[in-house]
Amino acid sequence: LLYKPVDRVTRSTLVLHDLLKHTPVSHPDHPLLQDALRISQNFLSSINEEITPRRQSMTVKKGEVSLSAF
């Protein structure tokens, strides 16, 4: 359940990217779309930066036993 909101932001970011690709630079919404895309990408980057160290600390090499799990 906690993954769903982040998944929505990811999908919205992809939609914003496609929408921006098909919006002329002269359109009044173009700068707003750029800002929205930048904000959503920054949000996703910050989520990835927070998750990466946790994921690395939880990774156990094959044949090793993690004592932190016990």
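The values are calculated or read from the model by the stated rules, or taken from the named source; none is laboratory data. Note that the structure is predicted; figures quoted are calculated from it, not measured. Glycine gets a Cβ as well: all are built from the backbone with ideal geometry, and neighbour counts include every protein chain shown. Quick note on the areas: whole protein, heavy atoms, side chains included, nothing else; ligands and nucleic acids left out. Shrake-Rupley method; radii C 1.70, N 1.55, O 1.52, S 1.80 Å.
Report, ordered by the first and then the second residue, all pairs with beta carbons closer than 6 Å, sequence separation of six or more or different chains, a first member in region 1-12 that is closer than 17 Å to A36 by Cβ, and a second member that is among the hydroxyl-bearing types (S, T, Y). Note: pairs meeting the criteria are V9/S40. In region 37-59 there is no residue matching the filter, namely being over 17 Å from Y3 (Cα atoms), small (G, A, S), in a helix (DSSP H, G or I) and at pLDDT 95 or above.
Here region 13-35 is the region considered, the condition is being open to solvent by 90 Å² or more (accessible area, probe 1.4 Å) and without any contact (Cβ under 8 Å) to a residue 12 or more places away in the chain, and the residue that is nearest to I47 (Cα to Cα) is L14.
In the set (1) within 23 Å of the chain's Cα centre (by Cα); (2) at pLDDT 95 or above, the condition left unmet by P28 is number (1).
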